Amino acid sequence: QVQLVESGGGLVQPGGSLRLSCGASGIIVSFYDVGWYRQAPGKQRELVATVASGGVTNYADSVKGRFTISRDNGKNTVYLQMNSLKPEDTAVYYCNAARYGNTYWGQGTQVTVSS
């Protein structure tokens, strides 16, 4: 059974940092295209960042230069380092793994940026 478990969310002040983790079981993340998505209240889920199985990364324009996605193959985990956080980054963040038409989602972790 495949499980993606996000952690690391919380409340942070504007300008602060958080690191989200997406731990996987049942799949090998390095074989998958893994992405972080977010959904704010009343808005559609949007792509934040992806790391392809080959290691190429991609970012939404809104987070370029502030967020970094990375993968630790030994820990079978994908991270999202978020710096210079803004109130508009407030959302539930989800991890997704996709390969050959199979796609898996985690349960999400809440990130709230507020003073």
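One line per residue, one yes/no per condition, for (1) open to solvent by less than 60 Å² (accessible area, probe 1.4 Å); (2) of a type in the set (V, I, T); (3) more than 22 Å from A60 (Cβ to Cβ):
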site	(1), (2), (3)
Q1	no, no, yes
S7	yes, no, no
G16	yes, no, no
D33	no, no, no
G42	no, no, no
Fill in: Unique residue being under 19 Å from L11 (Cα atoms), among the aliphatic types (A, V, I, L, M), within 14 Å of the chain's Cα centre (by Cα) and open to solvent by less than 10 Å² (accessible area, probe 1.4 Å) when the list is A49, A97, A91
A91
Worksheet item: Looking only at residues in region 103-115 that are open to solvent by less than 80 Å² (accessible area, probe 1.4 Å) and either polar (S, T, N, Q) or outside any loop (DSSP other than H, G, I, E, B) (or both), which one is farthest from Q44 (Cα to Cα)?
Response: S114
Response to the item:
Heads up, the strands (runs of 3 or more DSSP E) in region 1-57 (entirely inside) with at least 1 residues that are within 12 Å of I69 (Cβ to Cβ) are 18-25, 33-39, 46-51
Discussion item. Can you tell me which of (1) surrounded by 16 or more Cβ atoms within 10 Å (Cβ to Cβ); (2) touching a residue at least 40 places away in the same chain (Cβ under 8 Å); (3) of a type outside the set (S, T, Y) is the one V63 doesn't meet?
Written reply: (2)
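The values are calculated or read from the model by the stated rules, or taken from the named source; none is laboratory data. Here the structure is a predicted model, which means the values were calculated and not measured. A quick note on method: Cβ atoms are made from the backbone with ideal geometry, for glycine too, and the neighbour counts reach across all protein chains shown. All accessible areas refer to the heavy atoms of the entire protein, side chains included, with ligands and DNA or RNA removed. Shrake-Rupley method; radii C 1.70, N 1.55, O 1.52, S 1.80 Å.
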